[in-house]
Amino acid sequence: MSESCNHDCGSCASNCADRTAPLDLHEAQNEFSDVKKVIGVVSGKGGVGKSLVTSLLACSLQEKGYDTAILDADITGPSIPRIFGLYGKPLGNENGISPMIADNGTRIMSMNLLLENAGDPVVWRGPIIAGTVKQFWTDVMWGPVDYMLVDMPPGTGDVPLTVFQSLPVDGIIIVTSPQELVSMIVEKAMNMAKMMDIPVLAIVENMAYYECPDCHSRHMIFGESQVEKLAAKHQIPVTAQIPIDPRIARFADHGSISQLEQNWLDPVVEALEKKAE
Ligand code: ADP
């Protein structure tokens, strides 16, 4: 900084330390929150099962005894409350707003819990949506949380960028489908995390195969899996696969996902536990 600095960078061409130092845009969490780990769940495009993976992961972590929360950052397409069968309205006081609690104890905040009618569209521009996600972090009284899973909107737009910049994200989990793996979209999401210096902890391939309920043979409906190749290319240490399973749609559609018995995401849960250690 020069001695004549008037702190008006707009009228100065000097490349001083003040100008070049990275800005820390992280927001403080609510004073009634004690969130230990924040994990983003991202996908390249919609409909690949990102909300499903977020929900199954929350169920597995909660079952293992961890206090788990889901911040539904998919503001324009929120599906977490429906998957957990939550329909009421969250309560608030002068200190903030309380998350709603699912039947298995998972704490949840989502735009759909705040709308007059769950079917109402959220017709907002990017900065307003991004501001709402920030408020879910600053204004919600999350209480003690071991793992907060952030269900990100798909893609690499405004909102994922805001989440990466304003929440202390410890790592991300990429969700993809076999068809998407052959495209570049998922790699874009991965590269965005790298640019933000956030580690990719695992990649989950959803709808990877169909297992015959009679003979238990596996059928690769969408072709051979590409997930190991992609993980090796990007040095992602953990992969997991979820089959196409009619039970998934049934449990998710009836809001009873916590009752679905599964162990597909065990490698991811182990990776999260290791990260916390
Ligand atoms: P996203 O969050 O990526 O938009 P969702 O998790 O909402 O996608 O999943 C989209 C739909 O596909 C949901 O109705 C969900 O129940 C269904 N679905 C996702 N994965 C599977 C699967 N492996 N088997 C059967 N149905 C699935």
Which of (1) within 14 Å of the ligand (Cβ to nearest atom); (2) under 15 Å from the mean Cα position of the chain (by Cα) does GLY85 not meet, given it meets every other one? (2)
Out of ILE83, ILE75, ILE70, report the one residue that is assigned to a loop (DSSP other than H, G, I, E, B), in contact with a helix residue (DSSP H, G or I) (Cβ under 6 Å, 6 or more places away or on another chain) and either closer than 21 Å to LEU113 by Cα or touching a residue at least 12 places away in the same chain (Cβ under 8 Å) (or both). ILE75
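Please verify whether the stretch 177-192 includes one or more residues that are at pLDDT 95 or above and closer than 27 Å to TRP124 by Cβ.
For the stretch 177-192, residues at pLDDT 95 or above and closer than 27 Å to TRP124 by Cβ: absent.
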Which numbered condition LEU56 fails, given (1) surrounded by 14 or more Cβ atoms within 10 Å (Cβ to Cβ); (2) not in a helix (DSSP H, G or I): (2)
Condition test on LYS36, is it farther than 21 Å from THR156 by Cα, outside any loop (DSSP other than H, G, I, E, B) and more than 13 Å from the ligand (Cβ to nearest atom)? yes
Condition test on LEU71, is it closer than 21 Å to ILE128 by Cα and either more than 16 Å from the ligand (Cβ to nearest atom) or of a type in the set (A, V, I, L, M) (or both)? yes
Looking at the stretch 243-250, is at least one residue within 12 Å of the ligand (Cβ to nearest atom), in contact (Cβ under 8 Å) with a residue 40 or more places away in the chain, farther than 30 Å from ILE128 by Cα and open to solvent by 10 Å² or more (accessible area, probe 1.4 Å)? yes
If only one of VAL140, VAL145, VAL200, VAL150 is surrounded by 20 or more Cβ atoms within 10 Å (Cβ to Cβ), within 16 Å of the ligand (Cβ to nearest atom), in contact (Cβ under 8 Å) with a residue 24 or more places away in the chain and within 18 Å of the chain's Cα centre (by Cα), which one is it? VAL150
Matching residues in the stretch 60-72 - criterion: being out of contact with any Pro (no Cβ under 6 Å at 6 or more places or on another chain) and open to solvent by less than 10 Å² (accessible area, probe 1.4 Å): LEU61, THR68, ALA69, ILE70, LEU71
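The values are calculated or read from the model by the stated rules, or taken from the named source; none is laboratory data. Keep in mind that this is a model prediction, so the values were computed, not measured. All Cβ positions, even for glycine, are placed from backbone atoms using ideal geometry, and neighbour counts span all protein chains on display. The protein model used for the area step is the full one, side chains on, heavy atoms only, and it has no ligands, DNA or RNA in it. Shrake-Rupley method; radii C 1.70, N 1.55, O 1.52, S 1.80 Å.
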